[in-house]
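What follows is a short report on a single structure.
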Amino acid sequence: APESVSASSVTSTSFVLSWTPLADEDQNGVIIRYDINVLVQETGESFELESPTTVLTVSNLDPYTTYICEVAAATSAGEGPYSNSYSVQTLEDVPSAAPTNFMASELSPTSAFLSWTAINEADRNGVIIQYVIDVTVQGSGAQLTWTSTSDFLEVIDLEPDTTYVCAVAAATSIGTGPFSSQITFQTPPDIPDEHPTDFAAIDVTSTSISVSWNPVPGNIVMYVISVTVQETGEHFQWTSTTTSYEATGLKPFRTYVCIIAAATTAGLGPPAPAVDITTLEDEPSASPESISFSDVTSTSAVISWGPPPYEDQNGVIISYTII
């Protein structure tokens with residue numbers, strides 16, 4: 001049988017197989033060809049090749065695959081014994097397929113869990129050392145790259161209420177294979193992390209207050225103003241979808257303690273510092289009470305009364321008019 005079977009010039013899809021010819025005394029005729037039997041170790045498949053010389057380029061092979069080769073010399077009378085087996089492994093290459101079933105789950109405002117199905121063994125073309133996720137952030141257009149050594153990845157530090165477009169690919173030491181189909185996921189909104197600034201009254205009457213403020217960044221669905229009437233402890237809310245609000249039907253000369261916060265669909269953000277706004281005075285809306293006379297003479301009398309009820313005074317009583 002031929003001896004010194006060896007391989008050289010090994011690539012991911014080919015190698016050069018060579019051997020030494022038979023000694024003259026073992027040829028038993030004219031050697032017209034060499035028959036090469038090749039067994040694919042990973043699949044058990046085999047194929048036959050022929051060569052007129054002691055060198056043969058074996059091509060169209062699969063990357064990172066072990067081929068077991070045996071060589072026999074042949075005369076016109078037939079084939080002689082095969083050589084000892086020789087194993088050669090082709091080099092790695094980039095994967096030839098993309099991961100499948102790529103999906104996002106367990107979404108929070110700042111994180112997501114990505115998972116996929118690893119590619120088939122036959123398409124790996126080597127040892128998968130990592131998965132590469134190509135990411136585009138919609139809106140800003142920012143390009144990101146995430147990597148994982150497993151078939152999943154928990155991503156953190158995402159932006160709330162943001163859409164991410166992703167595709168995943170497997171990589172060997174040679175490089176990255178084809179990317180999967182893109183998936184899109186959107187993180188849910190978070191509560192605002194800022195409060196409105198410069199909250200102030202821009203117009204005040206005895207029965208109304210107009211206020212305005214600076215907006216908070218993000219997808220704000222409304223602003224909520226919590227109000228407490230200082231004099232009575234009464235509590236209520238005003239809401240606005242813009243950066244201003246006009247409250248009407250208020251009581252004169254009342255102090256309204258206002259605390260504003262922005263809201264997303266996730267809830268209210270932090271409140272701004274309280275601001276006190278006092279409506280203007282107005283004329284009393286009720287008469288003095290309990291009018292009485294005393295020390296009456298033919299030319300004089302003492303008249304006394306109680307002030308109007310507090311809620312009807314509408315300001316500081318500075319005088320009474322008697323007619």
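A cut-off under 14 angstrom between Cβ atoms defines the neighbours of Val10, and their net charge, with Lys, Arg +1 and Asp, Glu -1, is -3. Our summary gives the chain a relative contact order of 11 percent, counting only alpha carbon pairs under 8 angstrom and 6 or more residues apart. Across segment 125-224, C-alpha contacts under 8 Å between residues 6 or more apart give a mean separation that, scaled by the residue count, equals a relative contact order of 22 percent. Of the GluC sites (Glu not before Pro) found in segment 221-280, the ones in coil according to DSSP and having at most 16 other Cβ atoms within 10 Å of their Cβ are Glu231, Glu234. Evaluated over the Cα positions of segment 189-323, the convex hull gives a direction-averaged projected area, one quarter of its surface, of 9.9 nm².
Full extension of the chain between Asp35 and Ser76 yields a length gain of 13.5 nm, computed as 0.36 nm times the residue separation minus the alpha carbon distance. For the chain, the fraction of 1.4 Å probe accessible surface lying on carbon and sulfur atoms is 50 percent. Less than 14 Å Cβ to Cβ from Glu289, Lys/Arg counted +1 and Asp/Glu -1: what total charge do the surrounding residues give? Neighbour charge sum, excluding Glu289 itself: -2. How much FRET efficiency would the formula 1/(1 + (r/R0)^6) give for Ser304 and Ser226, where r is the Cβ-Cβ distance and R0 is 45 Å, rounded to 0.05? It comes to 0.55. Charges were assigned to the Cβ only: +1 to each Lys and Arg, -1 to each Asp and Glu. The resulting dipole of the chain about its Cα centre is roughly 560 debye. For a modelled paramagnetic label at Glu246, 7 Å from Cα along Cα-to-Cβ, the residues of segment 188-227 in reach, with backbone nitrogen under 16 Å, are 201-213. Glu283 exposes around 130 Å² of accessible area when a 1.4 Å probe is run over every protein chain in place.
On full extension, the segment bounded by Asn214 and Ile129 gains 25.6 nm, given 0.36 nm per residue less the C-alpha separation.
Label sites at Asp26 and Asn84, each approximated as a point 7 angstrom past Cα along Cα to Cβ, lie 1.2 nm apart. Computed from the Kirkwood radius of its Cα pairs, the Stokes-Einstein diffusion coefficient for segment 1-41 at 4 °C and 1.567 mPa s stands at 106 µm²/s. Measuring nothing but alpha carbons in the chain and taking Rh as the Kirkwood radius, the Rg to Rh ratio lands at 1.56.
The values are calculated or read from the model by the stated rules, or taken from the named source; none is laboratory data. Please read all numbers here as calculations on a predicted model, not as lab measurements. All Cβ positions, even for glycine, are placed from backbone atoms using ideal geometry, and neighbour counts span all protein chains on display. Each accessible area value is taken on the protein alone, full model and side chains, heavy atoms only, with ligands, DNA and RNA left out. Shrake-Rupley method; radii C 1.70, N 1.55, O 1.52, S 1.80 Å.
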